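What follows draws every value from the coordinates through simple rules; no lab data is involved. On a predicted model such as this, the values are computed, not experimentally measured, just so you know. With ideal geometry, Cβ positions are generated from the backbone for all residues, glycine too; neighbour counts draw on all protein chains shown.
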């Protein structure tokens, strides 16, 4: 009986170690992927003007109205100082189509 408990304990510990290794590998891979995507989008993150799907120039710096009702000045996708939320998109001034936040994957 004692040997059976020892075997089950070793199997359980082995499974926990394997699970931990797989979980850590998954988290590391996912983080590396997101960092790679952000590095690939570095030009979009620093651009002063973005293009809408129809090709109109949309400035991303200026005065913006947050969904909470406050007005912020600066980068359109920066977090609001009042509600700490950032915009998912900004509308094009010419056609109204959305220009997506480059931080959203």
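Select from segment 63-92 the residues that are over 19 Å from the mean Cα position of the chain (by Cα), exposed (fewer than 12 other Cβ atoms within 10 Å of the Cβ) and at positive phi and list them in ascending order.
69
Residues being in a strand (DSSP E or B) and over 12 Å from residue 65 (Cα atoms): count how many of those fall in segment 90-99.
We begin by selecting, within segment 90-99, every residue in a strand (DSSP E or B); these are 90-91, 98-99.
Narrowing further to those that are over 12 Å from residue 65 (Cα atoms): 98-99.
Matching residues across segment 90-99 total 2.
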